[in-house]
1. Name the pairs: first residue in the stretch 50-65 and closer than 10 Å to residue 34 by Cβ, second residue charged (D, E, K, R), Cβ to Cβ under 7 Å, at least 6 apart or on different chains?
2. Within the stretch 292-305, is even one residue more than 34 Å from the chain's Cα centre (by Cα), at pLDDT below 95, under 26 Å from residue 396 (Cβ atoms) and among the polar types (S, T, N, Q)?
3. Looking at (1) over 30 Å from residue 399 (Cβ atoms); (2) surrounded by 14 or more Cβ atoms within 10 Å (Cβ to Cβ); (3) modelled with pLDDT of 95 or more, find the lone condition where residue 317 falls short.
4. Looking at the stretch 459-484, which of the residues that are modelled with pLDDT under 95 and of a type in the set (Val, Ile, Thr) is farthest from the chain's Cα centre (by Cα)?
5. How many residues are surrounded by fewer than 17 Cβ atoms within 10 Å (Cβ to Cβ) and outside any loop (DSSP other than H, G, I, E, B) if we restrict to the stretch 268-306?
6. Name the residues in the stretch 131-173 that are closer than 15 Å to residue 200 by Cβ, small (Gly, Ala, Ser) and modelled with pLDDT of 95 or more, would you?
7. Which numbered condition trips up residue 245, out of (1) surrounded by fewer than 17 Cβ atoms within 10 Å (Cβ to Cβ); (2) within 29 Å of residue 356 (Cα to Cα); (3) free of Cβ contacts under 8 Å to residues at least 40 places away in the same chain?
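The values are calculated or read from the model by the stated rules, or taken from the named source; none is laboratory data. Owing to the predicted nature of the structure, the values given are computational and were not obtained by experimental measurement. A quick note on method: Cβ atoms are made from the backbone with ideal geometry, for glycine too, and the neighbour counts reach across all protein chains shown.
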Amino acid sequence: MDPRTRLRPLVLLFILALGLASLPAAAIAEPASPTASVHYDGDLTLGTVLTAQLDGSTPPDGSTFRWFVDDAPAAAGSGPTYTVSTPDVEKALSVEISTPPTDIPAAVVRSAATPRVLRTAVPVVAGTPAVGRTLSVSLSGWSTGTTHEVEWFADGTEPVATGGRLTLTPDLVGHTLSAHVTGSLAGYGTVTEASEETLRVQSRATPSVSGTLLVGATLRADPGRWVTGTRHSYRWFASGRAIPRATGRTLRLTRGQGAKRIRVEVTGRLAGYPVVTSASRNSLRVMTAAATPRIKGSPAAGRTLRAVRGTWTRGVRVRYRWYADGKPLAGGTRSTLTVPSNALGKRISVRATGSRSGFATIAKNSRATQRVQRVGRAALSGRPLATHRMRVAPGRWTSGTRFTYRWALDGKAVAGATGSSITVKPSWKGKRLSATVRGSRPGFATFTSRTGSSSPITLPEQTGPISTWDCPSWAPIKGNADSGIYHVPGQRFYDRTQPEECFANEPAAVRAGYRRSKV
């Protein structure tokens, strides 16, 4: 090396020394001390990485570091960064930086202490994420005295509510939820911890039960409105006890469920959603027996119908309502009904409604009758006199009714007498005639109307001959109109007389203007 080159630094130092010596004492100042600080991003908590800085920048190469926990040297803190660990909780941290000797004197500086490290806990959300349910968040595990603020987020980003409890509403269906808890304490750092996201919120509809609460009837569960795609399972209960093997959507009620209250539980399952069970309300008690009423009697205006109630649960009160073609009849609220004229041509039915306190009210409808008929009053006309004709009039019936007839003599049917009229026979003397009219029309009930009995049949005083030469045996007197003479049996010319009229007795012949033959 050139000797002049080796001397150059020494010359420079000498010149610098002369210059400094020539300056006034006041012009020579101490260099400013650097400032150490601790930098970190986000909240100060477990796992936070602290970085040592000098005047807000990275310390020069060759610097050494010493970390302190509450003024005590950290066990493992000798680098430019420091990760907060469990022993550091609820303590303050600082760093001491020693700069290397360079062109200026070396420095040893220490930062101000950080706030104390807050003890935190990851929030845990409790509760089932389903509409109507309430979620809550745990706030334990934090430093004593910590105050908390809770904010709820949907899908991790959308704020929806604040506070430690959240009641789920329908607008949250399908979303996940999480709770963000911010803890603060004087002298400590403020820290926010977030819970894990819940499963998606299920709609949790309330099931309902339809059907008749009567032994032998079938009930059906309606699960209500759930998230699309939810699969449902069912469980039926009677007065709080599970019914064996009752796990379908329908339930046929047996005697074992009589007088008990029924409810159904519906469990909904869908991937990504919680398993939710929702129960219907308890029903009223199940009726053990309710009979369909029967109508006794025939439907005709003015006739009386009677409802036969059948067997019902003991203690049940049965009420009645009568209908004509499905419309209520005025005053038709008893077990009997006198069929009104405004029901003509209509079908009659009755509804029996059974009720008992605490039990389901059951209504049973009878079968409808045939259409209501107008039944006429049959009546006889004509005289009950031998050889005369008697007639029967059916009276006023529903238009279109067809009739058949039957005659009776002293209550016994007359063979072959099926017309609306009959010729009275002399052999019926002393007996009484009556007639029965039978009216029928498709869709209507068939009715009969019977006349009263006639007065006793009598023989007439006068009648016609039964042949050219003969009179009937009950009117043996022969009357000859040309001569005005009558002949009685045994007279000389009786057998040779052709009668124009026959008489039962001589006074009758005399009254008719005839005189007795002399021979």
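1. Once the first residue is closer than 10 Å to residue 34 by Cβ and sits in the stretch 50-65, no partner that is charged (D, E, K, R) comes close enough.
2. Yes, the stretch 292-305 has at least one match.
3. Only one criterion is unmet by residue 317, namely (2).
4. By that ranking, first place goes to 468.
5. 7
6. Correct list: 154 only.
7. For residue 245, the exception is condition (2).
Residue by residue, here is whether (1) of a type in the set (A, V, I, L, M); (2) in contact with a Pro (Cβ under 6 Å, 6 or more places away or on another chain); (3) outside any strand (DSSP E or B) holds:
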| position | (1), (2), (3) |
| --- | --- |
| 439 | no, no, no |
| 470 | no, no, yes |
| 474 | no, yes, yes |
| 502 | no, yes, no |
| 518 | no, no, yes |
